[in-house]
Amino acid sequence: MPEIRISQSAMQTEPSPGKGQPAARAAAAKASAIREFLLSRGNSAIADRGFQWLMVLCALSIFAIVVLIAWELVRGSHLSWSKFGFGFFFSVFVDPDTKLPMYWDPVNGHFSALPFVYGTLVSSFLALLIAVPLAVGLAVFLTEMCPRMLRAPLSFITELLAAIPSVIYGLWALFVLVPLLREHVNPWLVKLLGWTGFFTDDTPTGLGFFASGVILAIMILPIISSLTREVMNAVPGSQREAVLALGATRWEMIRVGVLRNARIGIVGAIILGLGRALGETMAVNMVIGNTPQIQRSLLASGSSMASVIANEYAEASGDLHLSALTEIGLALFIVTIIVNALARLLVWAVTRGAPAQAQ
C-alpha cells in the first residue's frame with residue numbers, strides 16, 4: 001500500500017465546513033481525471049455479466065461431456081445388461097462336453113468380463129508393486145536429499161516420462177523390454193520362484209501379465225512421484241526441525257516427520273496412479289498377449305478391459321457382442337472416475353492450506 005502524505009499547507013488552505021462547499025466539490029470533481037476516464041467508458045455491467053456467464057458455460061460443459069459419455073455407454077450396453085445383468089462380471093459358461101470354462105465366445109453368444117477384470121487387476125497390481133517403492137524413494141531423494149543443482153534436472157526428466165505417448169511405450173516394450181524379460185528375467189523368476197506357481201514358463205514369447213505390469217509401472221512412476229513430492233513439500237518445515245531437535249537421524253526425521261504426516265496424500269497419489277494403470281490401453285494391448293483366459297502364472301498371457309475394447313470393438317460380430325464391449329467400457333469408466341475422485345480427495349486433504357514452495 002503506497003503511503004499518502006498531505007502537506008501542511010494543503011491542510012491549512014482546505015476550506016472550512018459551511019463556506020464554499022459547492023465550489024470545492026465542483027473543483028474536486030473537475031480535477032479528478034480518473035473519474036472522468038471511468039465515466040467516459042460507459043457502463044461495463046453488461047460485459048462483466050456476459051463474461052461471467054461464458055465462464056459458467058465453460059465449466060458446465062465439462063459436466064455435460066461426462067453425462068453424455070455415461071448416457072451413451074448406458075444406452076449402448078442395454079442389450080447386454082438385459083441378458084446377463086451383473087452376472088456378466090463374475091459368471092462363467094461351462095461347456096457341457098469339455099467341462100472347460102468359455103469366458104468369451106462371440107460365435108455362440110457367451111460373454112463374460114471376468115478374464116478382462118482379472119487381467120486388469122493383476123497388471124495394475126504388479127505395476128503398483130514395482131512403481132510405488134521407486135516413486136516414493138525418488139520423491140524422498142528429490143525433496144530431502146538431492147543437491148540443489150541436480151533437483152531441477154532430475155525433476156524435469158521424471159516429469160518428462162509422463163509426456164511420452166503410450167504407443168511409444170508400447171513399441172519400446174515390444175522391441176526392447178519383452179526380449180529382455182524373455183531372455184534374462186523370466187528364466188531367473190522361474191528358477192527362483194517357480195515353486196509358488198505364480199512364475200511358470202507358459203508363454204515363450206515373453207508377452208503376458210508381467211510384461212504389462214512392468215511397462216505400466218514405468219508409465220505411472222512420474223505421476224506417483226510428482227504428487228508425492230507435492231505432498232511432502234506441503235509438510236511444514238517445523239516438523240522436520242522438531243524431530244531433528246530431539247536427536248533424530250535424517251532417516252528418522254524423514255520417516256517420522258515427513259512420511260508419517262504425508263501418508264494420506266501419498267496414498268492418494270498411489271490411487272491416482274492406479275487410475276492411470278486401470279485405463280491404459282495401447283501399451284498394455286501390445287504386451288499382454290490378448291488371451292481371454294484366467295491363469296495363475298504371472299508370465300502367462302491374458303487380456304484387460306481396455307485392450308479387449310481396442311481389439312474387438314471395430315470388428316464386433318453382432319449387436320450382443322458390441323453391447324458386451326460397451327458394458328465393459330461403462331464399468332471401466334465408472335471405476336476410473338471413482339478411483340480418480342478418491343485420489344484427488346486424499347491429496348487435497350493433505351495439501352489444502354499449504355503455501356506454495358519453490359522447487
Item to check | Which numbered condition VAL176 misses (of (1) open to solvent by 30 Å² or more (accessible area, probe 1.4 Å); (2) within 28 Å of ASN261 (Cβ to Cβ); (3) at pLDDT 90 or above) | outcome: (2)
Checklist entry - Pick from the range 94-152 the residues that are assigned to a loop (DSSP other than H, G, I, E, B) and among the hydrophobic types (A, V, I, L, M, F, W, C): which of them is nearest to LEU332 (Cα to Cα)? => result ALA113
Next on the checklist: Cβ-Cβ under 7 Å, sequence separation 6+ or interchain: first residue in the range 283-303 and free of Cβ contacts under 8 Å to residues at least 60 places away in the same chain and within 11 Å of GLY213 (Cβ to Cβ), partner open to solvent by 10 Å² or more (accessible area, probe 1.4 Å) and in a loop (DSSP other than H, G, I, E, B). Which pairs?
Outcome noted: none
Checklist entry - If you check every pair at least six apart or on different chains, which have Cβ atoms under 6 Å apart with a residue in the range 244-258 that is touching a residue at least 60 places away in the same chain (Cβ under 8 Å) first and a residue that is in a loop (DSSP other than H, G, I, E, B) and open to solvent by less than 70 Å² (accessible area, probe 1.4 Å) second? => result VAL258/VAL235
Checklist outcome for this item: Screening ALA269, ALA283, ALA343 for residues that are in a helix (DSSP H, G or I) and more than 18 Å from VAL231 (Cα to Cα) leaves only ALA283
Item to check | Positions within the range 136-159 being touching a residue at least 24 places away in the same chain (Cβ under 8 Å) and exposed (fewer than 13 other Cβ atoms within 10 Å of the Cβ), in sequence order | outcome: MET145, ALA152
Item to check | Matching residues in the range 309-324 - criterion: being in contact with a helix residue (DSSP H, G or I) (Cβ under 7 Å, 6 or more places away or on another chain) and either outside any helix (DSSP H, G or I) or buried (at least 24 other Cβ atoms within 10 Å of the Cβ) (or both) | outcome: ALA316, ALA324
Checklist entry - Across the range 272-291, what is the number of residues that are on the phi < 0 side of the Ramachandran plot and more than 21 Å from the chain's Cα centre (by Cα)? => result 4
Checklist entry - If you scan the range 218-239, which residues turn out to be touching a residue at least 24 places away in the same chain (Cβ under 8 Å), open to solvent by 30 Å² or more (accessible area, probe 1.4 Å) and in contact with a Gly (Cβ under 6 Å, 6 or more places away or on another chain)? => result ILE223
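The values are calculated or read from the model by the stated rules, or taken from the named source; none is laboratory data. What you see is a predicted model; the values in this text were computed from it and never measured. Here Cβ is always computed from backbone atoms with ideal geometry, including for glycine, and neighbour counts include all displayed protein chains. Each accessible area value is taken on the protein alone, full model and side chains, heavy atoms only, with ligands, DNA and RNA left out. Shrake-Rupley method; radii C 1.70, N 1.55, O 1.52, S 1.80 Å.
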